[in-house]
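**Q** Mind having a look at this structure? Questions to follow.
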Amino acid sequence: MAFLKDRAKFCRLETIRLIEIAKVGHYTSVFSAAELFSVLYYDAMDLRRGEPKWEDRDRFMMGKGHAAVGLFPILADLDFIDRDVLDGYTRLGNPLGDHPDMTKVPGIDFSSGSIGHALSAGCGMALAGRMLGKDFYTYVMIGDGELQEGQVWEAALFGAHNKLGKLIGIIDRNGYQLDGSVDDIIGVEPIVEKWQAFGWETHVVDGHDVAAVATLFRMLKTDHERTRPVMIIAETVKGKGVSYMETEPGWHLGYLDPSDAARAIAEIEAMEI
Amino acid sequence: MNKPLSDKSWQYRQLNAVTPGLDALSDALIELVAAGEPIVAGTADLQYSNGLAKFHTLHPDRFVQFGISEQNMVSAAAGMAAVGMKPYVATFASFLALLCCEQIRMDVAYSKLPVRLIGHHAGISLGFYGTSHHATEDLAIMRSIANLTVIAPADGNQLKEVIKAANDYPHPIYIRIQRGRDPEVYADRQPFKIGKAISHYSGTDLTIIATGSTVHPALEAARALRAAGASVGFLDMATVKPIDRDAILEAAGQSPRILTVEEHNVLGGLGGAVAEVLASEGLPVKLTRHGIYDEYSLIAPPTHLYAHYELDAKGIEARATRLLEGRA
C-alpha cells in the first residue's frame, strides 16, 4: 500500500508543478481524487504499460474532466505519453489541457469537459464491450456536483435496465462545486439511497484510504456474474493534503503563488506513506 | 423482442403492411450486419416511427432501446463507437439536433467518433403534432459543428446508398430524413458519393438546388418549367456539408439565377451554404433561398403545410416562376 500512497503523493506534487505552467487550475478536484487515481491506475485496472491502445484494457473516464491535470502525470508514468509532452502542459499546440481529450492524448479513453455526459458514454462502452464479447471493465468517475445534471439520471436508468455489471461508477463525494458546497447549491442527498433506488449496487468507502479502495475494487472484480452496475460513493476531502485548501472551499479553481506552493508541497511531502 | 401487434394499433399501421417505404433504414442496416459489420442501432422510443422495428426484430442483440432519453442515447453511442462498434442512433430531428446538440458536439464530433445520427421526421413533416416537433433549424446547427458531415437523402433508396457509403466513412454524420416514406426520386439504387451533388438537368435560365425531402417536389417543378420552355437546371444537394462547391460554381456559370429549396429555415441551411460559396467567389448570381422564412411553422396536416409554405411542387414552381419573371 505504500506504493499506492506514494503514487497519490506523486499525483498531487505533479499537479502543483503543472499548474505552475498554466498559472491556474483545479488543484482541489485532483487532491480529492488522488488516491482513487492511484488505486485505479496502479492496482485495479487491467492495463499494459506503454500500450495505451491495447484493446482489451479496462476503460476509465472522468465526468469531472477538470481533474485531468492529475491524470496526465500518471499517463506519463505509465509510458502512455512522453515526459516532454507532460512538461509542455497547456502550451500552444500541446495536447494536454484542463480537460482530457481522447483524440490528442494516448491513454485518455474518452474526452470530457461538459459535465454529465460521461456516465452515458460509460454505459455505451460497457454495453458495446458485452456485444463484442470483451471482458473489460468501464470505470467512470463523476463529481457529486455533477449529479445535478439530468443526463446522469438517464444513464442511471439505462445502466441498471441493461444490467451493465461491468460498469463501475465512482462518485468523488468531496462536497463542493465551483460556487460553494453542493448542499447549499442544489442538494443531491441522499446519494446512496438514490443509486440503490435506481437499481445499482452501492458501496461507500473512504476515498483516501488506499487499502480500503483497493480491497473494494478487487472484490468487485471477483464477481464475474454481476448484473447490476456498481456505484462507489467515495467520501473524500476537497483539497486533501493541503491544510488551507481543505478548510477553504474557495479553491475549486485557483493558483498557488510560489510561497503558498512551497507550503503545499511541504505538507504533501509530509503525508504519511 | 417485439411482441405481435394488434392490427388496430398505431405501431402496426407504421409497419410495412401499410407503409412499405418505412423499412429503408432497417434494410440498409440489415445489409451491413449481413456483411459482418459491427453495427448497432438505437432509438429513443420511436422504433415504429423510424422503421427500426424491423431491424429490432431481426437483430435484437444489435438493437438498443434507449427510451425517452435522447441525450443519454447520443453520449452512449459515442461510448460504443469509442470501443469499436458502428452505432446508428435515430430519433426525431427536432430532438436529436436541438436537444442533443451539445452531446453531438462534444461526445461525437469533437472526439471524431464514427457515430451515425439519424434525424427523422425533419422539417415540417410532423404536421399537426406541432411546432415543437418540427425541425427547421437542424441543418444550420449541425452544419456549424466541426468534423460533422451533414447529409439529407431524398428518398429511401438514396438513404440506403447513403448508409452504405457511410459505412467506412471516417467522420461522424448527421443524416436528415423525413418520414421514410417519401415519394421515390431514385427508382434504382445508384451508388452515393458523399460530398457530390447529383445533377439532373443543367439550365441557362435558372438552376434549382434542393435537398432531402424537397428534391421530389422541386424536381417536379423543374420538369414542369422545362416542359413550359424554360431552361431550368436541377441539382440534388444531398450532402449539405461538405457542400459540392464545384457543382454550385458550375451552375452559377451556366444560369444567372439560383433557387435553393429546403424544408428548413432559409437561414443557415442549404440556402445559407450555397450563399457562402457564391459570396466567397463574388459571383454575380441572383440567389433566392426558399424555405421557411425565419418563423415558427404552423400546425396542420403536412400536405396543407407544404401548400401553405409553397414547398409542394406547385408552390416551388410558382416561386421559381416569380424568380424567372424578375418578380422576386
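The values are calculated or read from the model by the stated rules, or taken from the named source; none is laboratory data. Here the structure is a predicted model, which is why all the values come from computation and not from measurement. Please note: Cβ atoms are built from the backbone with ideal geometry, for glycine as well, and neighbour counts cover all protein chains shown.
**Q** Looking for whichever is in contact (Cβ under 8 Å) with a residue 40 or more places away in the chain, within 12 Å of chain A (Cβ to nearest Cβ) and hydrophobic (A, V, I, L, M, F, W, C) here; the options are B:A28, B:A93, B:A41. Which one fits?
**A** B:A41
**Q** Could you go through the stretch A:130-149 and let me know if any residue there is aliphatic (A, V, I, L, M), away from chain B (no Cβ under 14 Å), part of a helix (DSSP H, G or I) and touching a residue at least 40 places away in the same chain (Cβ under 8 Å).
**A** Yes.
**Q** How many residues are over 20 Å from the mean Cα position of the chain (by Cα), in a helix (DSSP H, G or I) and free of Cβ contacts under 8 Å to residues at least 40 places away in the same chain when one looks only at the stretch A:244-270?
**A** Number satisfying all stated conditions: 9.
**Q** Considering only the stretch B:55-85, state which residues are surrounded by fewer than 21 Cβ atoms within 10 Å (Cβ to Cβ) and either within 16 Å of B:I175 (Cβ to Cβ) or touching a residue at least 40 places away in the same chain (Cβ under 8 Å) (or both).
**A** B:H56, B:T57, B:P60, B:G84
**Q** State yes or no: is B:N147 of a type outside the set (G, A, S) and modelled with pLDDT of 95 or more?
**A** For B:N147, the condition - of a type outside the set (G, A, S) and modelled with pLDDT of 95 or more - is met.
**Q** Tell me which of these A:T90 doesn't satisfy, since it passes every other one: (1) assigned to a loop (DSSP other than H, G, I, E, B); (2) more than 13 Å from every other protein chain (Cβ to nearest Cβ); (3) closer than 22 Å to A:K221 by Cβ.
**A** (3)
**Q** Same structure again: If I filter the stretch B:203-212 for residues that are of a type in the set (S, T, Y), part of a loop (DSSP other than H, G, I, E, B) and under 11 Å from the mean Cα position of the chain (by Cα), do I get at least one hit?
**A** Within the stretch B:203-212, one or more residues are of a type in the set (S, T, Y), part of a loop (DSSP other than H, G, I, E, B) and under 11 Å from the mean Cα position of the chain (by Cα).
**Q** Next question. Does any residue of the stretch A:224-236 turn out to be within 14 Å of chain B (Cβ to nearest Cβ) and either of a type outside the set (S, T, N, Q) or surrounded by 15 or more Cβ atoms within 10 Å (Cβ to Cβ) (or both)?
**A** Yes - at least one qualifying residue is present in the stretch A:224-236.
**Q** Next question. I'd like the full set of residues that are touching a residue at least 40 places away in the same chain (Cβ under 8 Å), facing another protein chain (nearest Cβ under 10 Å) and surrounded by fewer than 21 Cβ atoms within 10 Å (Cβ to Cβ), limited to the stretch B:100-119.
**A** B:R105, B:K112
**Q** Sticking with this one: Please find, within the stretch A:67-125, the residue that is nearest to A:H26 (Cα to Cα) out of those that are buried (at least 24 other Cβ atoms within 10 Å of the Cβ) and polar (S, T, N, Q).
**A** That would be A:S112.
**Q** Does A:I273 satisfy the criteria of being touching a helix residue (DSSP H, G or I) at 6+ places or on another chain (Cβ under 6 Å), surrounded by fewer than 16 Cβ atoms within 10 Å (Cβ to Cβ) and either touching a residue at least 40 places away in the same chain (Cβ under 8 Å) or under 17 Å from A:C11 (Cα atoms) (or both)? Spell out how you get there, then give the answer.
**A** Details: touching a helix residue (DSSP H, G or I) at 6+ places or on another chain (Cβ under 6 Å): yes; surrounded by fewer than 16 Cβ atoms within 10 Å (Cβ to Cβ): yes; either touching a residue at least 40 places away in the same chain (Cβ under 8 Å) or under 17 Å from A:C11 (Cα atoms) (or both): yes.
So A:I273 fits the description; yes.
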